[in-house]
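All remarks here apply to the structure that follows.
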Amino acid sequence: MERVPLVDYLVLGDEPHLVAAECTDCGARYFDRRSACARCGGLEFGSADVPTEGVLTTFTIVQFAAEGVEVPFVAGVVDCDGTSVKGNVVNTPPDPEHVTLGMRVRLTTVPVGTDADGVEAVGYGFEPID
Amino acid sequence: MAENVWILGISMTRFGKHKDKDTLDLGSEAAIGAMRDAGVGIGDIGVLAAGNLIGGNGFGQLLQKQIGQTGIPVYNVANACATGATALRVVVMAIKSGEVDTGMAVGVEKLSGAGLLTGNARQAEGGHWVRDGRYGAVAPLDGRVGTETMPGVFAQIGMEYAHKYGGADFELFARISEKNHAHSTLNPMAAHRKRFTLDEIMNDVMIAYPNTRPMCSANVDGAAAAVLVSETKLRTLSLEQQRRAVKISASVLTSDPWTDGCQVLPDINTLTRRAAATAYEQAGIGPADLDLVELHDCFATAELVHYDNLGLCEPGGAADFFNSGATWRDGSTPVNVSGGLQSKGHPVSATGIANVWEVATHLRGEAGDRQIEGARVGLAHVIGLGSACGVHVLERSAA
Ligand SMILES: [Zn+2]
């Protein structure tokens, strides 16, 4: 089955990982399409693979969200060896007993859905490392 | 050196549900109230800065059509939750520039009954995947890659502080809310004036852990307005006007400078720290000199980080500072004696002027049951996510 990543910065395949745009001048990293570097104004970017393991530096357990968004879910930020990444914490119950500040997590893929052409969209999340 | 700017008159409507009043009724009430408080008329106002996010374009001109069309320049401003503070700042700049000696800032919002302030409702999906936006997303990201809800974003901001420095947990955040709701019982202008026990707060509906419903700012209707004058102008006015005037010792607006990770989770800390540092320098005072602070407690998790950002405590020491009782109304640095946004309410564009009203009312000795006795210096702070931070330091008249 054909698969597409949920976002441009997710690379699927045998070893799914995230790719950041890295400013050639100052090294600042971004996940969106850039006009310039917000830190130094630089115009050139390379791409940098982001480590797939990291530490959960903050989270919230969302119980109320916009219509159509499934709740509860855990939203958080993971420090992947110096690069901050936004993502959900998945594959663990969404409660403060199972999700804790400072826990170690790793990148995993999450199915998003299949379109009318039979193409599967695949997103990402972070799961606890036991 | 540009001259000092003073608050001559200031007014806010009661915050809450105003079923029979629209945006213009509320804005007019606040503006006319501020002019009456100042002892001036619309003909004295040289510049108007107006903020209203929900009502559409040209609010300032629509307001003029109700309170007086004098042909003065209008600046319609928008800066999220810092919109009111931005309007105030525009008038301060206009007076400091010497172009006018008297101006008015107004902020209004009708938010009663508005639901969660968040991203967009998710559309039904189907058809085929199409890449969209700056992340090339084939589907909406809210809920799939983090959260766009305000309670969730600010929950993470508080939890990030907890991770960095320790000492803060669900219960501590709930205790901050307990304080603000307790304070609100003394404030007749607040939308909600019910005291909650800690248990009630922690067992209420969870919105985004660790923020339960009473720990979130309330969507309400309200307006606030202020008339500002130059010091030169003030000295020509009556002794009574001079006695009640409140000095704006610092007026600062910042945006968020680039910091590591700031485009992943908004950094509301750095711009607040910078605004506070600049404000203390402008005013020639330090945080220890503050008799009261109204800060932007849009969520209980946000109040904690701003103790630190505003320099009220040692770096990293916000939890200990709160636990010491310092921020209760009988503590060393009373914070949000109005009840804060969690109980007073948060009509977005009005908030940044209403918190200045609160501080000014204490400095004038007119705060009634909730008066902080002998208050001489106070600070008002707001954050609009995106971000914009407004800090104003106010001082009682020496006259
Ligand atoms: Zn750069």
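The values are calculated or read from the model by the stated rules, or taken from the named source; none is laboratory data. Keep in mind that what you see is a predicted model, and the values were worked out from it rather than measured. Here the Cβ is made from the backbone with ideal geometry for all residues, glycine too, and neighbour counts use every protein chain on show.
Given the options B:Pro188, B:Pro257, name the one that is at pLDDT 95 or above, within 14 Å of chain A (Cβ to nearest Cβ) and in a loop (DSSP other than H, G, I, E, B). Sole residue among the options that is at pLDDT 95 or above, within 14 Å of chain A (Cβ to nearest Cβ) and in a loop (DSSP other than H, G, I, E, B): B:Pro257. Across the stretch B:137-152, which residue is nearest to the chain's Cα centre (by Cα) among those that are closer than 21 Å to B:Asn269 by Cβ and at the interface with chain A (Cβ under 8 Å from one of its Cβ atoms)? Out of the qualifying residues, it is B:Pro151. Of everything listed in (1) of a type outside the set (Asp, Glu); (2) surrounded by fewer than 23 Cβ atoms within 10 Å (Cβ to Cβ); (3) touching a Gly at 6+ places or on another chain (Cβ under 8 Å), the single unmet condition for B:Leu304 is (2).
Number of residues in the stretch B:116-148 that are in a loop (DSSP other than H, G, I, E, B) and either touching a Cys at 6+ places or on another chain (Cβ under 8 Å) or modelled with pLDDT of 70 or more (or both): the value is 20. Within the stretch A:31-44, the residues that satisfy the criterion of being within 9 Å of the ligand (Cβ to nearest atom) and touching a Phe, Trp or Tyr at 6+ places or on another chain (Cβ under 8 Å) are A:Cys37, A:Ala38, A:Arg39.
Within the stretch A:92-120, being more than 21 Å from A:Gly82 (Cβ to Cβ), at pLDDT 95 or above and touching a Phe, Trp or Tyr at 6+ places or on another chain (Cβ under 8 Å) holds for A:Pro94, A:Pro96, A:Val99, A:Thr109, A:Val110.
For the stretch A:1-44, a residue qualifies if it is at the interface with chain B (Cβ under 10 Å from one of its Cβ atoms), in contact with a Leu (Cβ under 6 Å, 6 or more places away or on another chain) and in a loop (DSSP other than H, G, I, E, B), and exactly one does: A:Tyr9. Inside the stretch B:1-108, counting only strands (runs of 3 or more DSSP E) that do not spill past its ends, which hold 2 or more residues that are at pLDDT 95 or above and either of a type in the set (Val, Ile, Thr) or out of contact with any strand residue (DSSP E or B) (no Cβ under 7 Å at 6 or more places or on another chain) (or both)? Result: B:5-12, B:74-77. For the stretch B:260-271, a residue qualifies if it is without any contact (Cβ under 8 Å) to a residue 40 or more places away in the chain and either farther than 17 Å from B:Ile383 by Cα or not in a loop (DSSP other than H, G, I, E, B) (or both), and the qualifying residues are B:Asp260, B:Gly261, B:Val264, B:Thr270.
Inspection of the stretch B:202-212 finds no residue satisfying the criterion of being away from chain A (no Cβ under 14 Å) and either of a type in the set (Val, Ile, Thr) or buried (at least 23 other Cβ atoms within 10 Å of the Cβ) (or both). Scanning the stretch B:46-86 for residues that are surrounded by 24 or more Cβ atoms within 10 Å (Cβ to Cβ) and farther than 15 Å from B:Ile353 by Cβ gives no hits.
Considering only the stretch B:154-185, state which residues are within 8 Å of chain A (Cβ to nearest Cβ) and farther than 17 Å from B:Phe321 by Cβ. Correct list: B:Ala155, B:Gln156, B:Ile157, B:Met159, B:Glu160, B:His163, B:Phe170.
Scanning the stretch B:253-284 for residues that are surrounded by fewer than 18 Cβ atoms within 10 Å (Cβ to Cβ) and more than 19 Å from the chain's Cα centre (by Cα) turns up B:Pro257, B:Trp258, B:Thr259, B:Asp260, B:Glu281, B:Gln282, B:Gly284. Here A:Thr52 fits the description: surrounded by 15 or more Cβ atoms within 10 Å (Cβ to Cβ) and away from the ligand (no atom under 16 Å from the Cβ). The lone criterion from (1) touching a Phe, Trp or Tyr at 6+ places or on another chain (Cβ under 6 Å); (2) over 29 Å from B:Leu111 (Cβ atoms); (3) touching a residue at least 40 places away in the same chain (Cβ under 8 Å) left unmet by B:Lys344 is number (2).
For A:Ala28, the criteria (1) within 29 Å of B:Ala162 (Cβ to Cβ); (2) aliphatic (A, V, I, L, M); (3) surrounded by fewer than 18 Cβ atoms within 10 Å (Cβ to Cβ); (4) near the ligand (Cβ under 9 Å from one of its atoms) hold in every case but one, which is (3). The set of residues in the stretch A:61-78 that are closer than 17 Å to B:Leu141 by Cβ, more than 7 Å from chain B (Cβ to nearest Cβ) and in contact with a Pro (Cβ under 7 Å, 6 or more places away or on another chain) contains only A:Val74. Within the span defined as the stretch A:108-118, one or more residues are out of contact with any Pro (no Cβ under 6 Å at 6 or more places or on another chain), closer than 25 Å to B:Gln263 by Cβ and at the interface with chain B (Cβ under 8 Å from one of its Cβ atoms). So A:Thr58 passes all but one of these: (1) more than 16 Å from the ligand (Cβ to nearest atom); (2) more than 7 Å from chain B (Cβ to nearest Cβ); (3) hydroxyl-bearing (Ser, Thr, Tyr). Which condition number does it fail? So A:Thr58 meets the others, but not (2).
Residues that are under 24 Å from A:Asp14 (Cβ atoms) and among the β-branched types (Val, Ile, Thr) were ranked within the stretch A:79-107; the one that is farthest from the other protein chains (Cβ to nearest Cβ) is A:Val105. A count restricted to the stretch B:226-258 and to residues that are within 21 Å of B:Ile383 (Cβ to Cβ) and touching a residue at least 40 places away in the same chain (Cβ under 8 Å) stands at 10.
Considering the stretch A:13-25, and only residues there that are within 18 Å of A:Arg106 (Cα to Cα) and surrounded by 14 or more Cβ atoms within 10 Å (Cβ to Cβ), the residue that is nearest to the ligand (Cβ to nearest atom) turns out to be A:Ala20. If the condition is being charged (D, E, K, R), closer than 30 Å to A:Gly27 by Cα and crowded, with 18+ Cβ neighbours inside 10 Å, then the stretch A:74-127 contributes A:Asp79, A:Lys86. In the set (1) within 17 Å of the chain's Cα centre (by Cα); (2) more than 8 Å from chain B (Cβ to nearest Cβ); (3) within 28 Å of A:Ala48 (Cα to Cα), A:Asp130 fails one condition alone, (1). Apart from one condition, A:Gly123 fits all of (1) touching a Ser or Thr at 6+ places or on another chain (Cβ under 8 Å); (2) farther than 19 Å from A:Leu12 by Cα; the exception is (2).
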